[in-house]
Amino acid sequence: MKATWTSPSNIALIKYWGKKIPQLPLNSSISLTLKNSVTKMTIERLISKDELEVNFLFENRENAKFSKKIYDYLLTITNDFPWLMNSKLVIKTENTFPHSSGIASSASSMSALALCLLSIDEEIRDQKFSNEIFFDKASYYARLASGSACRSVFPAIALWKKESELATSFTDVDPLFLTLRDSILIVDEKEKDVSSRAGHSLMENHPYKNSRYLDAENNLEKLKNAMREGDFTRFTEVVEHEALSLHALMLTSTPSVILLKPESLELILKIREWRKTKNIPVAFTIDAGPNIHLLYPEYVSHTVKEYLDKTLWSGKKIIHDEMGQGPVKL
Ligand code: PMV
């Protein structure tokens, strides 16, 4: 018995930062589902004797760290998937994007994992869920594996409300916001030196946590209005404020975490200057790392790419992505 899915990564516009058990977010978040940055995963289920066994291959190589992470996660959901307890799972996975490129591989891989498990579950039970229920369940199980992965199973834009067990699709937007591009300027390819689990826990005793959670909910409302009304200027204000807030929270936590590099700040200043002089709709956002994501509507993509390739980030690494339609069953 086998299932194969591709599932994308996503980039948050309103950032999830801070959670409580069991992996419930302390503020709402919203993200763009990416198109080109995907994980392809195949899970083959073989019947084994009274135990769970996981054989995990990442890009055709065994990876003990991921294998253990997945094994531990699967053990937490055996009540819902009892067949796991007599299964040997051979999991083969590959990404279309480079490791540590500023694109969240846990979002794409953990959503792919949830999708494959559910497809196998459907086959074992000989019962198909409706599409809506299937993707809701996928979002639920992806969340338990990696919070932000719950947003990856929906097309275009996903909303994960505060303290919710799953994300939903967010569609009430002007068509302008269905054509967004995301060009990622790679400042540093090194793996980040703080895991997101450690990052979330820094919020527990953070002096600004209450105001942060209020601010995030206000920002969500502002962003939803801006997107509904097709207002790129207000969209930019909120998205950049969110990106800088995420890093401000890291800078002011104990211990303090500094993930931005001097070049990240230089890029931000140059982008703002260029936007002001040329009046081009382009907004930056930043994930938990130093790389800068540039978001812009498709109709300016020629101008923006030319500026990136010839001037701003000439000769340096850029990954071009755009909004996508979510997971695909192969
Ligand atoms: O899903 P996690 O636990 O890897 O946390 C993701 C946190 C951020 O990427 C910084 C923000 C987000 O909402 O994706």
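Since every read-out is calculated from the coordinates, none of them should be taken as a lab result. Computed from a predicted model, the values in this text were never measured in an experiment. Backbone-built Cβ (ideal geometry, glycine too); neighbour counts: all protein chains shown.
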*Looking at residue 84, is it hydrophobic (A, V, I, L, M, F, W, C), away from the ligand (no atom under 16 Å from the Cβ) and touching a strand residue (DSSP E or B) at 6+ places or on another chain (Cβ under 7 Å)?*
yes
*Which residue out of 166, 144 is surrounded by fewer than 24 Cβ atoms within 10 Å (Cβ to Cβ), under 19 Å from residue 80 (Cα atoms), touching a helix residue (DSSP H, G or I) at 6+ places or on another chain (Cβ under 8 Å) and free of Cβ contacts under 8 Å to residues at least 40 places away in the same chain?*
166
_I'd like to verify a number: residues in the stretch 121-161 that are among the charged types (D, E, K, R), within 16 Å of the ligand (Cβ to nearest atom) and not in a helix (DSSP H, G or I), how many?_
1
*Do we have residue 190 as outside any helix (DSSP H, G or I) and within 18 Å of the chain's Cα centre (by Cα) here?*
no
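Are any residues in the stretch 1-34 assigned to a strand (DSSP E or B), of a type in the set (Val, Ile, Thr) and away from the ligand (no atom under 13 Å from the Cβ), and if so, which ones?
Correct list: 4, 6.
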_Among (1) touching a helix residue (DSSP H, G or I) at 6+ places or on another chain (Cβ under 8 Å); (2) part of a helix (DSSP H, G or I); (3) loosely packed, with under 14 Cβ neighbours inside 10 Å, the one test that residue 299 misses_ = (1)
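Yes or no, residue by residue, for (1) closer than 22 Å to residue 9 by Cα; (2) polar (S, T, N, Q):
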site	(1), (2)
68	yes, no
82	no, no
86	no, yes
93	yes, yes
150	yes, no
